[in-house]
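Peer 1: The following block contains the structure, expressed as structure tokens.
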Amino acid sequence: MILSVENGCFSYKNSKDKLLLEDINFSVEPGDLLAILGPNGAGKTTLLRCIMGFLKWSSGKSTLDGENIRNIPNKKLWNNIAYVPQAKSTVAAYTVEEMVLLGRSSHFSMLSLPKEEDLEIVHKVMEEMNLTRYAHKKCSQISGGELQMVLIAKALVSEPKILILDEPESNLDFKNQLLILDTMTKLTNKGISCIFNTHYPTHALQRANKAFLLSKSGEYLFGETREVITEKNIEKAFGVKAVIGEIETPSNILKDVIPLEITQTSDINALLSKDELSTERKVAVVSIITDHSDVSEKINKLLGKNKKYIIGRMGMPYEDRGISIINVTLDAPEYVIQTLVSQLGFLSGVSVKAIYSQVKF
């Protein structure tokens, strides 16, 4: 299922200013993880609300597989899309278990009771989200961070094809932030599309294959994350000078964003731009280790897209450890190699690194 926005424009009725969102165009395909970033007040939450139809586009439209979402019956729409808003304090009398169970309501009629299958799904998701111990607590008695996890669990039990989250990592500690990021990665590996607003450029670089950067001037940039989230664009959009570095772990090389200083003269009209890609050709060996057989098809698909650059490939299963090892040699532009490594790194259970030849061509 493909979610698209076509020529989306929005302004609040009482606003005398120019459009808050202007000529927005992008699409999200199955398995995409899209991060939406921008400074406070740029319109990130408004964008999400317009995408889903909570706010009406002044012009333009949101579509599911080409059909305007305003023409899609509510039940059909929300059988395919799940939304997780920012967690707010609540006085709801629901227990945590009851709140999560509400996420299954589209799967049974109003007057019927949930089936055993519904309860099994609820309990499985609650266990995965570390919520079982809170099952019988009132939602009004748990913290904001815990409530955020409950709302995400409520969305997941509906088994959506598209999951949309508004700042899901807010108010969460490191462990639960990682749990949410891992959950989104697992979902996209299953072919589910995820869209999330975030204040963390690092999370976008490490997890999202696509990024949408929105500035206060109304300008935006959409594309591959590594092309959109750059040092120049961070400074232009946020008014913060930052450095994007690499941290090598035993299994992968991760991107990290380190803010250095607030720029003294921030030009909000500075144009965002994609970095020019290096066309310099290099020879590199990309080493891949995976313990997830269910991603082998995705690995082969990514390698197939780069078939013309591959000059050697060797793979072997190591059954004693339940892993597969693949070494691929490429002669390609550097950006092609970097893109392949990034895309492989987004897959669950995949460790990947590239080793480059020192010989210049």
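The values are calculated or read from the model by the stated rules, or taken from the named source; none is laboratory data. It should be emphasised that the depicted structure is a prediction, and the values quoted were computed from it without experimental measurement. Ideal geometry is used to build each Cβ from the backbone, glycine not excepted, and the neighbour counts take in all protein chains shown. For the accessible areas, the whole protein counts, side chains as well, though only heavy atoms, and no ligand, DNA or RNA atoms are used. Shrake-Rupley method; radii C 1.70, N 1.55, O 1.52, S 1.80 Å.
Peer 1: Quick one: ranking Arg133, Arg70 by accessible area, 1.4 Å probe, largest first, what do you get? Could you put the intermediate results ahead of the total?
Peer 2: Working: Arg133 185, Arg70 130 Å².
Output order, biggest surface exposure first: Arg133, Arg70.
Peer 1: Among Gly145, Met314, Asn197, flag the residue with its Cα farthest along the positive direction of the charge dipole of the chain, charges on Cβ as +1 for Lys/Arg and -1 for Asp/Glu.
Peer 2: After comparing all options, I get Asn197.
Peer 1: I've got another one for you. Sorted by average packing, counted as other Cβ atoms within 10 angstrom per residue and highest first, what order do 48-58, 219-229 take? Walk me through the intermediate numbers first.
Peer 2: Numbers: 48-58: 17.9, 219-229: 20.7.
Per-residue Cβ counts within 10 Å, averaged per peptide and sorted highest first, yield 219-229, 48-58.
Peer 1: Given a cut-off of under 8 Å on Cα pairs at least six residues apart, what relative contact order in percent is computed for segment 124-222?
Peer 2: Values: 74 pairs, mean separation 22.1, N = 99.
Computed value for segment 124-222: 22 percent relative contact order.
Peer 1: Whose amide H sits under 5 Å from the amide H of Lys216, counting only residues 5 or more places off or on another chain, with H placed in the peptide plane?
Peer 2: none
Peer 1: Students often check this: by mean Cβ neighbours within 10 Å, which of 312-323, 289-300 ranks highest, and how do the rest follow? All intermediate terms of the calculation are to be shown ahead of the outcome.
Peer 2: Working: 312-323: 10.9, 289-300: 15.7.
In decreasing order of mean packing, 312-323, 289-300 become 289-300, 312-323.
Peer 1: Give me the percent of DSSP beta bridges within segment 130-260 that run antiparallel, rounded to the nearest 5.
Peer 2: On the way: 12 of 17 bridges.
Looking only at bridges with both residues in segment 130-260, the antiparallel portion is about 70 percent.
Peer 1: Also, I was wondering about something else. Using the Cα centre as the reference, give the magnitude of the dipole from point charges on the C-beta atoms of the chain (Lys, Arg: +1; Asp, Glu: -1; all else neutral), rounded to the nearest 20 debye.
Peer 2: Numbers: 42 positive and 43 negative charges, 131 e Å.
The dipole magnitude comes to about 640 debye.
Peer 1: If you don't mind, there's one more thing I want to ask. So what is the relative contact order of the chain, in percent, for Cα pairs below 8 Å that sit 6 or more residues apart? Walk me through the intermediate numbers first.
Peer 2: On the way: 683 pairs, mean separation 59.0, N = 361.
This gives 16 percent for the chain.
Peer 1: Using modelled amide H (1.01 Å from N, peptide plane; none on Pro or chain starts), what sits under 5 Å from the amide H of Lys282, excluding residues fewer than 5 places away?
Peer 2: Long-range HN contacts for Lys282: Ala332, Glu334.
Peer 1: Right, next: Got a sec to turn the phi values of segment 351-356 into Karplus ³J(HN,Hα) couplings, 6.51 cos²θ - 1.76 cosθ + 1.60 with θ = phi - 60°, whole Hz, x for Gly and Pro?
Peer 2: 9, 8, 8, 10, 10, 9
Peer 1: Which of the listed residues, Val257, Gln177, Ser105, is farthest toward the dipole's positive end in the chain, when Lys, Arg count +1 and Asp, Glu count -1 at the beta-carbon?
Peer 2: Toward the positive end, the furthest listed residue is Ser105.
Peer 1: Long-range amide H contacts for Thr263: which residues qualify at under 5 Å (H placed 1.01 Å from N, peptide plane, sequence gap of 5 or more or a different chain)?
Peer 2: Val240, Lys241
Peer 1: What are the ³J(HN,Hα) couplings of segment 182-192, residue after residue, when phi is run through the Karplus curve with 6.51, -1.76, 1.60 and θ = phi - 60°? Round to Hz, x for glycine and proline.
Peer 2: Rounded to whole hertz, the list is 5, 4, 5, 4, 4, 5, 5, 5, 8, x, 7.
Peer 1: Right, next: Return the sequence-ordered ³J(HN,Hα) values of segment 21-38 in whole Hz as given by the Karplus equation 6.51 cos²θ - 1.76 cosθ + 1.60 applied to θ = phi - 60°, using x for Gly and Pro.
Peer 2: 10, 9, 6, 7, 9, 6, 9, 10, 9, x, x, 7, 10, 9, 9, 10, 10, x
Peer 1: Could I ask something else about it? Return P(r) of segment 3-238 (all Cα-Cα pairs; 5 Å bins starting at 0; whole %; ordered from short to long distances).
Peer 2: Spelled out per bin, shortest first, that is 1, 6, 14, 17, 19, 16, 13, 8, 4, 1, 0, 0.
Peer 1: With no solvent and one point on each alpha carbon, what is the Debye value of log10 I(q)/I(0) for segment 281-356 at q = 0.18 Å⁻¹?
Peer 2: Log10 of I(q)/I(0), two decimals: -0.65.
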